[in-house]
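Visitor: This is the structure I have questions about; it appears just below.
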Amino acid sequence: MVRLHLKKGNDSLFLHDTTVKQNVAELVSDILAVYDLRLKVIRLCDEMQSLAKHGHFMPPNMQGLTEDQIEELKLHDEYEKISIPQGGSVECPDPIGRRSGKAPNEAMAEVIMKTITDAKEGVSNKLTAVNKTLTVKDVQDCLDKLRGAIMIVYPMKLPGYDPVQAEIDNCEDLSGTQASLEVIEKDKGSLWWAGKELMPEKTLEDYVGKNEKTKIVVKLAKKGSQAPGREQQMTEDQKKQMMAWQYKKQEELKKLHTADDGDDYYNSPWAKPKLSEEPIPRYWKRQMGPN
């Protein structure tokens, strides 16, 4: 199997196994299925964390209003007596006024938070460091666990306009949000490798050859977007280690040069630096014989 290390920009995403014979268009579709579902898990975790702290979502026409304003406008939250967490609620007002302030009790909040932690670990990009791939099934398992936790804590369901319930029901509205910019539709994604876009009509073999044991880093991007930056040959840590090694070698060479630079012995009495200028003694000449 060919192992692909998926990145978006410089951010590591996950590992994906495929074969050199797979069509690029099918490969992009398979990767985006994991990518978009992984984003869904991350969004759901973030909203569930807010749910555990401040309770269910307020009706859109009541969000951001004070109690006096709600009373003056005679607005009513019809889910106040429906979306009651298991074991009752505790008061914890939402400082931005999005949620009701009727949070789950400590035990139920712990159920939600523990499930969030497990789900985040299940889709974490740190899995690439331990050489573990991420599949649709892996991500779906995390999603099912999150859904199960909500059913335990809120057996009567949450309002349909609550982002948590919307994500669970697959009817989330991301328009106008930062999260919408991250999503890549299946027919609008592209893969890049070695500074080249992989053409959908070709196979992976056309680019990396026939070796099924290849491991490459590929960049995920939206079609028509600017080409992503090429992968750096060295990481920042590797650069720092290399510079430290070079500095250490330079210092060692300086010490050696200083030690070898001790030319003071040239001026020592025994060195006789001007010996070549003195006449050769006669007895030396007799021993050396005629020229």
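The values are calculated or read from the model by the stated rules, or taken from the named source; none is laboratory data. Please read these numbers as outputs of a predicted model, since none were measured by experiment. Cβ atoms come from the backbone with ideal geometry, glycine included; neighbour counts cover every protein chain shown. To get the accessible areas, we keep the full protein, side chains included, count just its heavy atoms, and leave off ligands, DNA and RNA. Shrake-Rupley method; radii C 1.70, N 1.55, O 1.52, S 1.80 Å.
Visitor: For the chain, what relative contact order do you get, as a whole percent, if you take Cα pairs closer than 8 Å and at least 6 residues apart?
Guide: On the way: 370 pairs, mean separation 78.1, N = 291.
Computed value for the chain: 27 percent relative contact order.
Visitor: Next question. Taking Cα pairs under 8 Å and at least six residues apart, what relative contact order does the range 110-165 come out at, in percent? Before the final figure, lay out the partial values.
Guide: On the way: 29 pairs, mean separation 22.0, N = 56.
Relative contact order of the range 110-165: 39 percent.
Visitor: Right, something else. Longer than 23 Å from Cα to Cα, which of LYS53/LYS81; LYS81/LYS145; LYS215/LYS248 are they? Say none if no pair is.
Guide: Values: LYS53/LYS81 18 Å; LYS81/LYS145 26 Å; LYS215/LYS248 34 Å.
Pairs exceeding 23 Å: LYS81/LYS145; LYS215/LYS248.
Visitor: Also, quick follow-up: Please determine, in degrees from 0 to 90 and to the nearest 10, the orientation of helix 24-54 with respect to the longest principal axis defined by the Cα atoms of the chain, where the helix direction is its Cα long axis.
Guide: Roughly 70 degrees, rounded to the nearest 10.
Visitor: Give the shape of the range 140-188 as rounded, prolate or oblate, defined through the alpha-carbon gyration tensor: a ≥ b ≥ c are the square roots of its eigenvalues, a/c under 1.5 means rounded, and otherwise the shape is prolate if a/b is larger than b/c and oblate if not.
Guide: On the way: a/c = 3.09, a/b = 1.70, b/c = 1.82.
It is oblate, given that a/c is not under 1.5 and a/b is not larger than b/c.
Visitor: Let me ask you something else. Of the peptides 161-167, 115-121, 182-188, how do they stack up when ordered by the mean number of other Cβ atoms within 10 Å, highest first?
Guide: Values: 161-167: 21.4, 115-121: 17.3, 182-188: 14.3.
Descending mean neighbour count gives 161-167, 115-121, 182-188.
Visitor: Additional query: Given the whole protein assembly as supplied and a 1.4 Å probe, what does the accessible area of TYR35 come to in Å², nearest 10?
Guide: 0
Visitor: Shifting gears a bit: Stretched out fully, how many nm does the piece from VAL217 to ALA179 gain, at 0.36 nm a residue minus the Cα gap?
Guide: Between VAL217 and ALA179, full extension yields 11.2 nm more.
Visitor: Rolling a 1.4 angstrom probe over the protein heavy atoms, how many square angstrom per residue are accessible across the chain? Spell out each step's value before the answer.
Guide: Values: 18990 Å² over 291 residues.
Here the residues of the chain average 65 Å² of exposed surface.
Visitor: Give the percent of DSSP beta bridges with both residues in the chain that are antiparallel, rounded to the nearest 5.
Guide: Working: 18 of 24 bridges.
Taking every DSSP beta bridge within the chain, about 75 percent pair in antiparallel fashion.
Visitor: Follow-up. For Cα extents along the principal axes in Å, several values are listed as [x] 129, 52, 32; [y] 68, 44, 35; [z] 90, 46, 33; flag the one computed from this structure.
Guide: [x]
Visitor: Right, here's the next one. For a Förster distance of 51 Å, can you work out the FRET efficiency between the beta-carbons of LYS53 and MET199, rounded to the nearest 0.05? Before the final figure, lay out each step's value.
Guide: On the way: r = 48 Å, r/R0 = 0.93.
So, using R0 = 51 Å, E works out to roughly 0.60.
Visitor: Whenever you get a sec, compute what percent of the accessible area on the chain sits on carbon and sulfur atoms (1.4 Å probe).
Guide: Working: 10170 of 18990 Å².
Carbon plus sulfur share of accessible area: 54 percent.
Visitor: Enter the angle in degrees (range 0 to 90, nearest 10) between the Cα long axis of helix 106-122 and the first principal axis of the Cα atoms of the chain, meaning the one along which they spread out most.
Guide: The two axes meet at around 50 degrees.
Visitor: Calculate the dipole size of the chain relative to its Cα centre from +1 charges on Lys and Arg beta carbons and -1 charges on Asp and Glu beta carbons; express the result in debye to the nearest 20. Walk me through the numbers before you get to the answer.
Guide: On the way: 43 positive and 47 negative charges, 445 e Å.
Computed charge dipole of the chain: roughly 2140 debye.
Visitor: Among the trypsin sites (Lys or Arg not before Pro) within the range 124-171, which fall in a DSSP loop and have no more than 16 other Cβ atoms within 10 Å of their own Cβ?
Guide: On the way: sites: LYS126, LYS132, LYS137, LYS145, ARG147, LYS157; in loops: LYS132, LYS157.
Passing sites in the range 124-171 are LYS132, LYS157.
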